[in-house]
Every structure is written in structure tokens, then in C-alpha cells.
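Take a look at the structure below.
The values are calculated or read from the model by the stated rules, or taken from the named source; none is laboratory data. For clarity, every value in this text was computed on a predicted model and none was experimentally measured. Every residue, glycine as well, gets a Cβ built from its backbone with ideal geometry; the counts of neighbours run over all protein chains shown. Note: areas computed on protein heavy atoms with side chains; ligands, DNA, RNA excluded. Shrake-Rupley method; radii C 1.70, N 1.55, O 1.52, S 1.80 Å.
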Amino acid sequence: MAIKIYIDQGHNPENPNAGAVGNGLREQDITYRVGQELATLLRADPDYEVRLSRPTPTTSLGSSNSTSLRARVEDANAWGADYFISIHTNASSNPDANGTEAFAYARPSRAFSLGEDIVEGIVNVTGLRNRGMKVRPGLYVLRRTAMPAVLVELGFITNPGDAALMNENPQLFARGIYQGIENYFSS
């Protein structure tokens with residue numbers, strides 16, 4: 001039986017719940033593209049079944065930040081996902097801040113272990129700095145999902161180097177996440 005992976009492409013195309021901006025780019029556009037690339041990789045592998053929170057570039061969820069987050073979680077829970085991966089870009093007032101990191105509800109947990117593998121996969125493929133795996137029990141999508149959930153910050157949209165890499169090579173980030181998923185299930 002295939003492993004059901006729910007890919008949450010963070011944020012909506014427009015408010016409510018639009019994402020961070022930096023270097024002329026929008027978080028919601030990058031997360032959409034990386035999610036589509038990741039779904040293509042996973043769908044080519046018979047071990048996985050996939051659902052996207054934003055199947056089209058204009059898909060918008062909820063009428064506020066909170067209802068947008070709730071719609072994503074409820075969709076994943078109702079579908080019976082085995083794992084939930086929320087894709088985001090980081091932002092900082094310091095343009096030098098860079099690298100990849102991820103968050104889980106608790107440690108130790110299956111989500112934390114999956115997140116470690118995903119961060120390692122992204123870093124191996126992109127060469128970005130490994131900022132590590134962290135615990136964030138306050139994040140709605142980690143707290144309210146019925147399955148292990150990881151929130152991945154691909155890189156910093158406010159850092160020129162990270163932003164250019166995410167914009168020009170979304171497939172690298174998708175491949176890194178996919179390799180992390182594969183490493184997690186093969187260990």
C-alpha cells in the first residue's frame with residue numbers, strides 16, 4: 001500500500017495568508033513550484049500517493065490566516081495522509097541570514113526524524129547551510145495534524161543567494177526533499 005504524503009505549499013497566491021517577500025520574489029510562488037516538482041517526483045514512485053494543498057497556482061484556502069491553516073490541516077486529516085510536509089521560505093531583517101531548516105511538534109518523533117532527513121537531503125543537493133531541525137509545538141500545522149508533520153524552510157527569500165537558487169532551481173529543492181523522504185523510509 002502506498003504511503004500517503006500531503007504536500008502543503010505554504011501560503012495563498014494573494015491575501016489572506018500570503019507569504020514573505022524578498023529580492024522581488026514571493027514565498028507563495030516558490031512554495032507552489034517546489035510542491036509541484038515534489039509531487040511529480042513522488043507520483044513517479046509507486047511507493048507514494050500524493051495530495052497537494054494548492055493543486056493550481058490560483059488555489060486559495062480559507063478567508064483568513066487561521067482558516068487557511070485549518071483548511072490545509074483538515075484536508076490532510078480527512079484524506080488520511082500518513083505524513084504532512086509544509087513547504088515555506090524563511091525571511092529575516094538580516095539579508096545575510098541563510099540556509100535550510102525544518103520544524104516538528106516534538107523530539108523525539110517520527111516527524112523530527114523525517115525533518116532531519118529532509119534538511120540533509122536539501123543541503124546535499126543545494127549546498128545551502130544546514131540550520132538544523134528544531135521543535136516548534138506552537139505551529140498550527142504541526143499541532144493539529146493527525147499524522148507526523150514537518151514544516152520545511154527551504155532557504156531565506158531575503159538572502160540574495162538563497163532566493164536566486166530557490167527561484168531558478170525549484171527542482172533542486174524538490175529533489176532534496178524527495179531524497180530526504182527516501183532516506184527516511186529506507187533507514
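Looking across region 82-94 at every residue that is closer than 20 Å to residue 31 by Cβ and not aliphatic (A, V, I, L, M), the one that is surrounded by the fewest Cβ atoms within 10 Å (Cβ to Cβ) is identified as 92. No other residue among 172, 114 is at negative phi, more than 13 Å from the chain's Cα centre (by Cα) and in a helix (DSSP H, G or I) apart from 172. Scanning region 45-74 for residues that are open to solvent by less than 50 Å² (accessible area, probe 1.4 Å), outside any loop (DSSP other than H, G, I, E, B) and not hydrophobic (A, V, I, L, M, F, W, C) gives 48, 67, 68, 72. Here the condition is being open to solvent by 50 Å² or more (accessible area, probe 1.4 Å), among the aliphatic types (A, V, I, L, M) and not in a helix (DSSP H, G or I); of 146, 106, 78, it holds for 146 alone. So which residues in region 17-32 are assigned to a loop (DSSP other than H, G, I, E, B), of a type outside the set (A, V, I, L, M) and open to solvent by less than 40 Å² (accessible area, probe 1.4 Å), if there are any at all? Scanning region 17-32 gives 17, 19.
Tell me which of these residue 135 doesn't satisfy, since it passes every other one: (1) buried (at least 20 other Cβ atoms within 10 Å of the Cβ); (2) more than 15 Å from the chain's Cα centre (by Cα). Just one mismatch for residue 135, condition (1).
Going by the structure shown, is residue 35 in contact with a Ser or Thr (Cβ under 9 Å, 6 or more places away or on another chain) and either open to solvent by 80 Å² or more (accessible area, probe 1.4 Å) or outside any loop (DSSP other than H, G, I, E, B) (or both)? For residue 35, the condition - in contact with a Ser or Thr (Cβ under 9 Å, 6 or more places away or on another chain) and either open to solvent by 80 Å² or more (accessible area, probe 1.4 Å) or outside any loop (DSSP other than H, G, I, E, B) (or both) - is met.
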